[in-house]
Amino acid sequence: MMPVPTAVEKLAKLLADEARIDEKIRDTKSALSLVQKRVSESLAQHCIAMKEPRIQIPEDLMREEESFERLLQALQEMKNEIAKQIRPVEEQIIQANVDYLRQTFSQEGRKLSKCLEEIDENILACRQYLQDYERIRSSLHGLNEKLSQLGAEALQVPDNLPSSDLGDIVRQRIEHLRAQGKI
């Protein structure tokens, strides 16, 4: 009784078979090329020997050429049919990409609007902080007056803002932060 081949032996046999098949295909292609060359040479010699101004192509060659033409036509029709079937899929893919990009654009547009809303909210919050600043500054002046009434030395109150215009104040604070190298 022969031992059962292992998986490795089976794989090696398959690879060897594949190599033999590849070799046979190469040999067949080579043989076909030689036959085609001989037929072409023979046809050329036949045409030269005829010495007629009008060359007659044998009927079997004509039929063979027609069959090749039909095969080429069939391949072209298959290619056209595949293209017709692929075109709607391509259009769907393009439309899906357009939809995706529009959706992404819309989402990013909403994010951009949200950023502007937050900037606006911060600017409005600045106005509230400016009102608080003025109220606290006024309160400090009141405390300084009480200190003076009690005979104590008044403390320094932070400078008053040079303008009451929110835009001017924001610009001045931006310049102040730039001068400090913070922005």
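The values are calculated or read from the model by the stated rules, or taken from the named source; none is laboratory data. Keep in mind it's a predicted model, so treat the numbers as computed, not measured. Reconstructed Cβ throughout: ideal geometry from the backbone, glycine too, with neighbour counts over all protein chains shown. The accessibility values were calculated without ligands, DNA or RNA, using every heavy atom of the protein model including side chains. Shrake-Rupley method; radii C 1.70, N 1.55, O 1.52, S 1.80 Å.
Results, tabulated for the structure shown:
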read-out: Of all residues making up segment 118-156, the number that are within 60 Å of the chain's Cα centre (by Cα) and aliphatic (A, V, I, L, M); value: 6
read-out: Number of positions in segment 161-171 that are open to solvent by 80 Å² or more (accessible area, probe 1.4 Å) and either more than 16 Å from C126 (Cβ to Cβ) or over 44 Å from the mean Cα position of the chain (by Cα) (or both); value: 2
read-out: Residue in segment 85-107 that is within 30 Å of G167 (Cβ to Cβ), assigned to a helix (DSSP H, G or I), modelled with pLDDT of 80 or more and β-branched (V, I, T) present; value: no
read-out: Any chance L155 is open to solvent by 70 Å² or more (accessible area, probe 1.4 Å) and not in a helix (DSSP H, G or I); value: yes
read-out: Boolean, V89 is within 42 Å of the chain's Cα centre (by Cα) and of a type in the set (V, I, T); value: yes
read-out: Filter result for S113 (part of a helix (DSSP H, G or I), of a type in the set (G, A, S) and surrounded by 10 or more Cβ atoms within 10 Å (Cβ to Cβ)); value: yes
